[in-house]
Amino acid sequence: MSEQLKFIVEQLNKDPFKKNFNLITFDNLEPMQLLQILNDVLAEIDPKQVMDIREEMPDQTVKRMSALLGMLKYRPPGNLSDVSTFRQGLVTGSKPVVHPILHWLLQRVHELKKRAYLARFLVKLEVPADFLQDDVINDTYHQYEELVEGFKTYHKECEQLRTSGFSTAEIRRDIGAMEEEKDQLIKRVDRLKKRVESMSNHQWMLEQARQLRVEKEREESLTDQKQEQKNQLFQAEQRLQRSQHQLKDLQQAATDASPESLMKRLEEEIKINSYMASEKLPKDLEGMRRTVQYLQKVASEPAMGQADLQELEDKIKECDSQINQLIEKRMMRNDPMDDKLALYRQQASIIVRRKESKAEELQEAREELAAAERELRQRSSQAQASDGAEVIRGDELKHLVVKLRSKGTMYKKKRLDIAELKAEYGVLQRTEEILRQRHEIVQQKLQTVEAEKGISGYSDTQEELERVSAIKSELDEKKGRTLDGMSEMVKKLNSMIVEKKSALAPIIKELRSLRQRYQELNQEYEEKKVQYESCAAGLESNRSKLEQEVKILREEKAQDENHYHHINSMSERAAEEMKAYVSSDPDEKKKAIREVYMKSISEQELLGKKLREKQKMVKGSHTINMEQMKMWRDLEQLMECKGQCFIRAQSQASIGQVIQEEGEDRLVL
């Protein structure tokens with residue numbers, strides 16, 4: 001973990017981050033600061049990630065970072081394989097989650113930049129299948145896929161150009177060299193002009209030299225035209241000869257051809273092509289598919305050792321013994337009817353094998369013919385594109401004619417052989433039809449006999465066993481070939497390993513010494529680093545103490561300055577006060593603070609005397625005033641009572657009459 005932190009701090013202190021961290025400050029970072037550093041590293045890889053995470057919701061931040069890390073193919077450590085735990089740690093800014101991510105990113109920044117750039121264009125959009133049923137959307141999506149493929153090709157070409165030997169510096173050097181040569185040629189021409197200008201007829205000589213150069217260029221062009229016309233004449237003669245030979249061949253074929261022979265030939269070709277298309281080619285295709293599947297299965301399996309090969313050989317021997325036992329059982333239970341059918345089956349299998357072999361020979365002949373035609377077209381195109389070089393000399397042409405004649409005779413022989421084989425094939429086909437009819441009759445009889453004996457299906461089972469044994473033999477042959485190939489491959493790999501080991505031995509020896517030297521230097525580096533860190537920590541603590549002391553001294557200095565200015569101002573004020581107090585001018589004396597304060601004191605004493613006298617008067621009239629106040633309260637209650645009585649009298653006017661006379665109230669009912 002310490003090595004991981006050291007690597008992270010070293011990379012963050014370099015360009016383009018320049019964070020200026022040490023191990024202590026980086027380890028003491030808050031979770032939000034740690035996530036911001038992770039976002040800065042991701043922004044360096046993908047500029048779209050530039051963002052202040054404080055302005056983004058935590059779930060959106062986690063979603064964005066997880067998507068980018070998934071695109072960059074980051075896999076969390078084994079203890080963080082759970083997705084929910086990883087996301088929770090990313091939300092909270094957990095160090096066990098963020099530190100491995102930073103270590104992985106900073107190890108491969110340039111590679112991840114390239115991957116992020118390519119992902120912008122190569123990560124395909126997921127379009128639902130329902131939407132692709134629309135023609136417009138489907139066409140647009142196909143165009144999008146074509147553009148993606150085009151981007152792949154252009155990017156590969158760009159990378160090839162970057163990795164190729166051509167560089168801008170070399171091209172610039174070549175251009176500079178050409179410009180220097182151009183300047184030298186211009187200077188040489190100027191010197192020659194200066195030499196020639198001294199002659200009297202230099203203009204006429206220049207004109208003659210120019211005409212000479214023009215005539216030489218014309219002579220060269222005429223020579224090229226002459227050579228080209230010779231080549232064209234030679235090619236035309238060759239075409240004429242070929243056309244004449246083709247005409248003779250066609251005339252000979254026309255003399256031997258008749259409508260019946262042409263129809264027969266066409267029917268034979270149709271039969272051959274139908275057999276090739278319906279039987280031979282599907283079988284070959286199916287066999288190739290099985291071979292490909294088997295090879296894919298072998299390639300997907302882990303590498304086999306000697307023990308695995310021995311186990312497979314044991315299984316093969318066991319299967320062979322089982323097959324032999326089944327064959328022996330079948331031969332022991334052989335019936336006379338099977339002996340009669342075995343002859344026909346043997347003839348049919350011989351016919352089928354011969355038919356397949358002839359079809360393979362025909363296929364090989366067709367492939368040879370196609371290869372010869374391709375070579376002929378290539379040679380003719382080369383002859384047409386050649387600039388005057390003779391393609392075929394006289395001796396070669398004679399040799400070619402002799403070779404063609406021998407091949408013609410061989411072709412005629414092969415043609416006769418093919419005709420004989422076709423005739424034999426017709427006979428065999430008729431024989432096959434007769435045998436098939438007899439086989440059907442015998443099969444029906446066999447089924448009736450089996451039904452009578454109570455063993456129906458016995459012949460089908462026997463045929464199935466034969467088919468399985470044939471398939472098993474084919475598989476055994478393929479397995480044997482595969483095992484031989486694998487053993488050869490193992491031998492080759494072992495030899496290559498031995499060669500590589502022998503080639504790497506001196507390098508490994510040198511690497512050991514370098515590794516030992518590296519360990520010594522690394523140990524020395526670690527010791528120096530520990531010393532440096534301890535010294536840096538001590539200097540850092542001393543610096544902080546000195547800064548604290550400087551801060552305290554500055555505060556004391558500010559307080560002393562304030563105190564000094566206050567004392568200075570007070571001393572100036574005291575001097576002015578003393579001057580005003582000692583002065584004989586009464587106006588000046590009035591301005592003195594002593595006089596102002598004495599005047600204020602006398603005024604306050606007079607005010608206190610007046611207040612004491614007023615207090616004495618209030619104390620003397622207090623009881624009288626209290627009685628008067630009580631009387632006023634009683635009067636107020638009386639007036640309120642009279643008011644209430646008047647209101648009641650107004651409401652009870654129907655019962656009686658209130659008469660007020662001389663301060664008396666009377667109620668008359």
Residue check for Leu546: part of a helix (DSSP H, G or I) and at pLDDT 80 or above: yes
Lys114 being open to solvent by 90 Å² or more (accessible area, probe 1.4 Å) and in a helix (DSSP H, G or I): yes
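Results for (1) assigned by the TED database to the domain that holds Ser534; (2) open to solvent by 80 Å² or more (accessible area, probe 1.4 Å); (3) under 18 Å from Tyr117 (Cα atoms); (4) assigned to a helix (DSSP H, G or I), shown as yes or no for each residue.
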{"position": "Ile24", "(1), (2), (3), (4)": "no, yes, no, yes"}
{"position": "Val41", "(1), (2), (3), (4)": "no, no, yes, yes"}
{"position": "Leu69", "(1), (2), (3), (4)": "no, no, yes, yes"}
{"position": "Arg75", "(1), (2), (3), (4)": "no, yes, no, no"}
Qualifying residue in segment 510-518 (condition: more than 30 Å from Thr25 (Cβ to Cβ), out of contact with any helix residue (DSSP H, G or I) (no Cβ under 9 Å at 6 or more places or on another chain), open to solvent by less than 80 Å² (accessible area, probe 1.4 Å) and small (Gly, Ala, Ser)): yes
Test: residue in segment 77-91 that is exposed (fewer than 14 other Cβ atoms within 10 Å of the Cβ), touching a helix residue (DSSP H, G or I) at 6+ places or on another chain (Cβ under 9 Å), of a type outside the set (Asp, Glu) and not in a helix (DSSP H, G or I): yes
Filtered residues of segment 275-311 (kept if modelled with pLDDT of 75 or more and within 30 Å of the chain's Cα centre (by Cα)): Val292, Gln293, Leu295, Gln296, Lys297
Test: residue in segment 530-545 that is surrounded by 10 or more Cβ atoms within 10 Å (Cβ to Cβ), within 30 Å of Glu286 (Cα to Cα) and touching a residue at least 12 places away in the same chain (Cβ under 8 Å): no
Of all residues in segment 28-44 being in contact with a helix residue (DSSP H, G or I) (Cβ under 8 Å, 6 or more places away or on another chain) and free of Cβ contacts under 8 Å to residues at least 60 places away in the same chain, the one that is farthest from Gly89 (Cα to Cα): Ala43
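The values are calculated or read from the model by the stated rules, or taken from the named source; none is laboratory data. From a predicted model like this one, the values you see are computed outputs, not experimental measurements. Glycine gets a Cβ as well: all are built from the backbone with ideal geometry, and neighbour counts include every protein chain shown. These accessible areas exclude ligands, DNA and RNA; they are computed on the full protein's heavy atoms, side chains included. Shrake-Rupley method; radii C 1.70, N 1.55, O 1.52, S 1.80 Å.
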